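Asker: What follows is a structure written as structure tokens; I'll ask about it next.
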Amino acid sequence: MSSFVGVMPVLENSQTAGQLGMATQVTQAQVEGALLELTQNPLDKSLLAAAVRLSLDYFAQAHPGRSVEVRVPPFRAVQILGGAIHRRGTPPAVVEMDARTWILLFTKEITWQNGVESGSIIASGERSDLSELLNKMLDPEQS
């Protein structure tokens, strides 16, 4: 079992640690460690789940807010970006993809455009294009 499983508490209903007022912060080192473990054991679903959860929480930390919901079922959904606050029902902007697509996108192995064009990423609503935000993730100059 991964040392990263259980690092973040299980959060429900599209909440991040920051939205719950929790002190737990995901570090780039934790995310990189989870991604490395997944690379070494790509068929391990628990490692995939840990890598998705940590990377999504890290992404949400970097882009706080509640106007866009990023969904990677069945592992996690987070709300990001300031602006209109979503409380109930479908948010004004939604991005959804499977876990493997999220990992490939987060690690820059595929581009946002490729994911959308292939149908792997479903994005709707204002501000749902996350390409610029993702380009800055895991960049040594941004740490």
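The values are calculated or read from the model by the stated rules, or taken from the named source; none is laboratory data. This structure is a prediction, so every number in the text was calculated from the model and none was measured. With ideal geometry, Cβ positions are generated from the backbone for all residues, glycine too; neighbour counts draw on all protein chains shown.
Asker: If I filter region 46-54 for residues that are surrounded by fewer than 19 Cβ atoms within 10 Å (Cβ to Cβ) and not in a helix (DSSP H, G or I), do I get at least one hit? I'd like the intermediate steps shown before the answer.
Answerer: Of all residues in region 46-54, those surrounded by fewer than 19 Cβ atoms within 10 Å (Cβ to Cβ) come to 46.
Filter again for not in a helix (DSSP H, G or I), leaving none.
Checked region 46-54: no residue is surrounded by fewer than 19 Cβ atoms within 10 Å (Cβ to Cβ) and not in a helix (DSSP H, G or I).
Asker: For GLU37, state whether it is acidic (Asp, Glu), over 20 Å from ILE121 (Cβ atoms), modelled with pLDDT of 95 or more and surrounded by fewer than 22 Cβ atoms within 10 Å (Cβ to Cβ). Walk me through how you get there before you give the answer.
Answerer: Numbers: acidic (Asp, Glu): yes; over 20 Å from ILE121 (Cβ atoms): yes; modelled with pLDDT of 95 or more: yes; surrounded by fewer than 22 Cβ atoms within 10 Å (Cβ to Cβ): yes.
So GLU37 fits the description; yes.
Asker: Okay, moving on. Could you say whether any residue in region 1-14 is in a helix (DSSP H, G or I) and either modelled with pLDDT of 95 or more or surrounded by 13 or more Cβ atoms within 10 Å (Cβ to Cβ) (or both)?
Answerer: Looking only at region 1-14, we keep the residues that are in a helix (DSSP H, G or I), and these are none.
There is no residue in region 1-14 that is in a helix (DSSP H, G or I) and either modelled with pLDDT of 95 or more or surrounded by 13 or more Cβ atoms within 10 Å (Cβ to Cβ) (or both).
Asker: Could you name every one of the strands (runs of 3 or more DSSP E) located completely within region 62-143 that has at least 2 residues being at pLDDT 90 or above and surrounded by fewer than 19 Cβ atoms within 10 Å (Cβ to Cβ)? Spell out the reasoning first.
Answerer: Working: elements: 68-72, 76-80, 93-97, 121-124.
Because the criterion is at least 2 residues that are at pLDDT 90 or above and surrounded by fewer than 19 Cβ atoms within 10 Å (Cβ to Cβ), the strands (runs of 3 or more DSSP E) in region 62-143 that meet it are 93-97, 121-124.
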